[in-house]
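Enquirer: Here it is, the structure in full.
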Amino acid sequence: MKNLPQKIRSRKLNSRVDLTAMVSVSFLLIIFFMVTIELRKSKIMDLNLPYYDPKWDDAIVCGSGTENRTITVLLDDNNEIVTYSGLLFYTTKAPKKLSYGKDGIRKELRIRKKNILEYSASMGKPMNGPIVIIKPSKKSNFKNLVDILDEIAIAKIEAYVIVNDFTPEESKLLASN
């Protein structure tokens, strides 16, 4: 029996799989998805609109009390702002021509907001703040619109609306400036 060939057993090698490449690929995928998700997040500004009461035909009705809360901002060319309170044909103060910045429209918005909140509190409605109506003219540029939205955000005014309709009186007012 000794002459018979003996079975030669093969040596089993340790089978180890190198996972370095797979770990690298998975980290790259994780980083890729994290970056794409971060870039996909929308970067927008909140837009708060005034409450619409359907029993009124217009947002601003003479004698409804809303005209005491409205501030209309007309944007014209050359970074000019014309503002008035209430209705143009029913206002007690003449329209003001202002500039952008802390001594211009921002100061005016803060003063008007303070006065409106005091008036609303005296009428028993302390949460009725100002409503700003922004009317960019065709001559104004997009930067002016963004700047006025920034000023409104700085002044912490919660209700504003952007309207592109001009009354004939407002068109005459812009033409005279």
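Enquirer: In the stretch 144-156, what count of residues is obtained for those that are open to solvent by less than 60 Å² (accessible area, probe 1.4 Å) and touching a residue at least 12 places away in the same chain (Cβ under 8 Å)? Walk me through how you get there before you give the answer.
Expert: If we filter the stretch 144-156 for residues that are open to solvent by less than 60 Å² (accessible area, probe 1.4 Å), which is where we start, we get 144-149, 151-152, 155.
Keeping just the survivors that are touching a residue at least 12 places away in the same chain (Cβ under 8 Å) gives 144-145, 147-149, 151-152, 155.
Of the residues in the stretch 144-156, 8 are open to solvent by less than 60 Å² (accessible area, probe 1.4 Å) and touching a residue at least 12 places away in the same chain (Cβ under 8 Å).
Enquirer: Going residue by residue through the stretch 157-164, is there one that turns out to be open to solvent by 50 Å² or more (accessible area, probe 1.4 Å) and touching a residue at least 40 places away in the same chain (Cβ under 8 Å)?
Expert: Going through the stretch 157-164, the residues open to solvent by 50 Å² or more (accessible area, probe 1.4 Å) turn out to be 158, 162, 164.
Those still in the list that are touching a residue at least 40 places away in the same chain (Cβ under 8 Å) too: 158.
Taking every residue of the stretch 157-164 in turn, at least one turns out to be open to solvent by 50 Å² or more (accessible area, probe 1.4 Å) and touching a residue at least 40 places away in the same chain (Cβ under 8 Å).
Enquirer: Go through (1) part of a helix (DSSP H, G or I); (2) within 23 Å of the chain's Cα centre (by Cα); (3) of a type outside the set (S, T, N, Q); (4) modelled with pLDDT under 85 for LYS172 and report which single condition fails.
Expert: If we test LYS172 against (1) part of a helix (DSSP H, G or I); (2) within 23 Å of the chain's Cα centre (by Cα); (3) of a type outside the set (S, T, N, Q); (4) modelled with pLDDT under 85, just (2) comes out false.
Enquirer: Evaluate the following for LEU75: is it in a helix (DSSP H, G or I) and either at pLDDT 85 or above or surrounded by 10 or more Cβ atoms within 10 Å (Cβ to Cβ) (or both)?
Expert: Working: in a helix (DSSP H, G or I): no; either at pLDDT 85 or above or surrounded by 10 or more Cβ atoms within 10 Å (Cβ to Cβ) (or both): yes.
No, not satisfied.
Enquirer: How many of the residues in the stretch 109-143 are part of a helix (DSSP H, G or I), at pLDDT 85 or above and open to solvent by less than 30 Å² (accessible area, probe 1.4 Å)?
Expert: 1
Enquirer: Within the stretch 89-97, does at least one residue satisfy the condition of being modelled with pLDDT of 80 or more, more than 16 Å from PHE166 (Cα to Cα), more than 22 Å from the chain's Cα centre (by Cα) and not polar (S, T, N, Q)?
Expert: Restricting attention to the stretch 89-97, the residues satisfying the condition of being modelled with pLDDT of 80 or more are 95-97.
Then keep just the ones that are more than 16 Å from PHE166 (Cα to Cα); that gives 96-97.
Going one step further and asking which of them are more than 22 Å from the chain's Cα centre (by Cα), we end up with 96-97.
Keeping just the survivors that are not polar (S, T, N, Q) gives 96-97.
Yes, that holds for at least one residue.
Enquirer: Could you tell me how many of the residues in the stretch 32-48 are modelled with pLDDT of 75 or more and open to solvent by 100 Å² or more (accessible area, probe 1.4 Å)?
Expert: Number of matching residues: 4.
The values are calculated or read from the model by the stated rules, or taken from the named source; none is laboratory data. Since the model is a prediction, treat every value here as computed from it, not as a measurement. Glycine gets a Cβ as well: all are built from the backbone with ideal geometry, and neighbour counts include every protein chain shown. Side chains included, ligands, DNA and RNA excluded: accessible areas come from the protein's heavy atoms. Shrake-Rupley method; radii C 1.70, N 1.55, O 1.52, S 1.80 Å.
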